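The values are calculated or read from the model by the stated rules, or taken from the named source; none is laboratory data. These numbers come from a predicted model, not from an experiment. When we count neighbours, we look across all protein chains shown, and the Cβ atoms used for this are built from the backbone with ideal geometry, even at glycine.
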Amino acid sequence: MPKVRVLVPNGALGLGFDPDALSNGAAASPDIIAVDGGSTDSGPSYLGRGVSKYSRATTKAEWRQLMRARAKADVPLVIGTSGTCGSDSAVDWLFDITREIAAELGQSLKVTRLYSGQSPQTVADALKAGRITPLPAAPEISLETVQSCTNIVALAGAEQIAAALETGADIIIAGRTTDTAIIAALPLMRGCHAGAAWHGAKVGECGALATTQPATGTIMIDFDETGFTFTPLGAGTRATPYTVSAHMLYENTDPFILYEPGGHLDVTAATYVAIDDRQVRVEGSEWVPGPYTVKLEGARISGYQCVGLTLLRDRRYVENAVAWTEDISRRCHAKIKAQMGLGADDYTVELRLIGQNATLGYLETRTELPAEIGVLAIATAPSDAQAAEIGKILNPYLLHHALSEDEPMPTFAFPFSPAEMQRGALYEFVLNHVMALDDPMSAFRIVTDEVGHG
């Protein structure tokens, strides 16, 4: 009778976890430790640049704890979407950290890297061959769109993680994967119920998010031939049928269907039963096989930005902040056209009123007057130099612009000097498509190394 126990430390490496819960989980004889390493939540810049959003020091500290837990449990440790974005460079970044820690701890390890990066030419060839299909609301793409991407990744599924596990690695550092694949792979390999494997992986993808205390992080999932049991490990943390069933709606528009490479999960007939005040048993989920496709994500440079911030405290200017910024915007647009020769479609200038309506804009319904307003100026242009030039055109207006011609020149507060800050390249997502594969491994590659000391 197949059984697999998966220990999930938290929702993403870098977010922290309860060390006592992790220790207890490692002592409970798990078959594998699986943790996610990122997502697209923080925007396209990380994929565009191929870097992690988390600090190296924090990542190394948490990864060290997981490597120790792996040694204690003597089971594989697998991470998906390494370095936030899962690019090949992010995989290598975490591999370097792993080698450092192995040397420091005196561990001798077999480490497998699963690369998800796709060359623009490979994707362009697939596009020409008709093997790429847009997902709902995906932008239109062309060969030029694909070639303009600085990084493209394909989301690995359970098959690619299984191939990495078959190398016998102690640690698997995977590029971009679906959040569920790293959890579902081993239960599927050992013959557990396929619907349960994918459903349990979905519930456990974010660690303790499907519990009463999400910040505790660590959970355990037991898979078998009919279903799965979900157990939070943090002290005082509980899972309920509500918290477990509700997670199907997390980052998913359908509460019953979840698409993965090679098919979809259907939880329409799933049952959720509280075993006690902490654990939940789930059965009845079904896996429906389908065509084998992998999702593509790609990012490219869409411009360059310069930002500035000024603070309005004078009550009259706070009351008239909208009119003040509209007048500045009008004057700056005229200067940019006359002095830089840029047309209205070549650049953008935004003046967002922090404390008044910076989040919702014209949809804001609250009208109370704030004590002060931060005016965030955002200039976007085709080149870094042009964005910086627009920032400098904005500077004197943000510092001294008066509401009317017949009043003393005001001075507002810049919190920084220089007041304008160049953000560099601005990235945008341009791929939200799936690519059909005849062989699940054809878009991925595996490299295995021995690291550390014997």
message: So, in region 21-39, how many residues would count as being polar (S, T, N, Q) and surrounded by 19 or more Cβ atoms within 10 Å (Cβ to Cβ)?
response: 1
- request: Might you let me know whether region 95-107 holds any residue that is surrounded by 20 or more Cβ atoms within 10 Å (Cβ to Cβ), at pLDDT 95 or above, assigned by TED's automatic domain parsing to the domain that holds Leu13 and under 18 Å from the mean Cα position of the chain (by Cα)?
  value: no
- prompt: What number of residues within region 302-343 satisfy the criterion of being of a type in the set (Gly, Ala, Ser), under 17 Å from Ser383 (Cα atoms) and over 33 Å from the mean Cα position of the chain (by Cα)?
  reply: 2
task: From the list Phe412, Phe444, Phe429, pick out the single residue that is under 30 Å from Ile171 (Cα atoms), touching a residue at least 24 places away in the same chain (Cβ under 8 Å) and among the aromatic types (Phe, Trp, Tyr).
output: Phe444
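Which count do you get for residues in region 277-334 that are farther than 30 Å from Ser119 by Cα and outside the structural domain of Met248 (by TED's automatic domain parsing)?
So the count comes out to 29.
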query: Hey, which of the strands (runs of 3 or more DSSP E) in region 111-196, taking only ones fully inside, have at least 2 residues that are in contact (Cβ under 8 Å) with a residue 24 or more places away in the chain, over 20 Å from Gly48 (Cβ atoms) and assigned by TED's automatic domain parsing to the domain that holds Leu258?
result: 171-174
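Rundown of residues vs (1) in a loop (DSSP other than H, G, I, E, B); (2) without any contact (Cβ under 8 Å) to a residue 40 or more places away in the chain; (3) surrounded by fewer than 13 Cβ atoms within 10 Å (Cβ to Cβ), yes/no style:
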{"residue": "Leu351", "(1), (2), (3)": "no, yes, no"}
{"residue": "Thr367", "(1), (2), (3)": "yes, yes, yes"}
{"residue": "Ala388", "(1), (2), (3)": "no, no, no"}
{"residue": "Arg423", "(1), (2), (3)": "no, no, no"}
{"residue": "Pro440", "(1), (2), (3)": "yes, no, no"}
Condition check for Leu15: surrounded by fewer than 24 Cβ atoms within 10 Å (Cβ to Cβ) and under 14 Å from Glu205 (Cβ atoms): yes
- prompt: Of the residues that sit in region 296-347 and are among the aromatic types (Phe, Trp, Tyr) and outside any strand (DSSP E or B), which one is nearest to Ser39 (Cα to Cα)?
  reply: Tyr347
task: Please indicate, with yes or no, whether at least one residue in region 418-436 is farther than 30 Å from Thr177 by Cβ and touching an Asp or Glu at 6+ places or on another chain (Cβ under 9 Å).
output: yes
- line: Residue hits (region 49-94; touching a residue at least 40 places away in the same chain (Cβ under 8 Å), part of a helix (DSSP H, G or I) and either among the charged types (D, E, K, R) or touching an Asp or Glu at 6+ places or on another chain (Cβ under 8 Å) (or both)) are Arg49, Arg56, Lys60, Glu62, Arg64, Arg70, Lys72, Asp88
task: Name the residue, out of Asp20, Asp41, that is assigned by TED's automatic domain parsing to the domain that holds Gly227 and in a loop (DSSP other than H, G, I, E, B).
output: Asp41
In region 213-228, the residues that are over 23 Å from the mean Cα position of the chain (by Cα) and either in a loop (DSSP other than H, G, I, E, B) or of a type in the set (Lys, Arg) (or both): Asp224, Glu225, Thr226
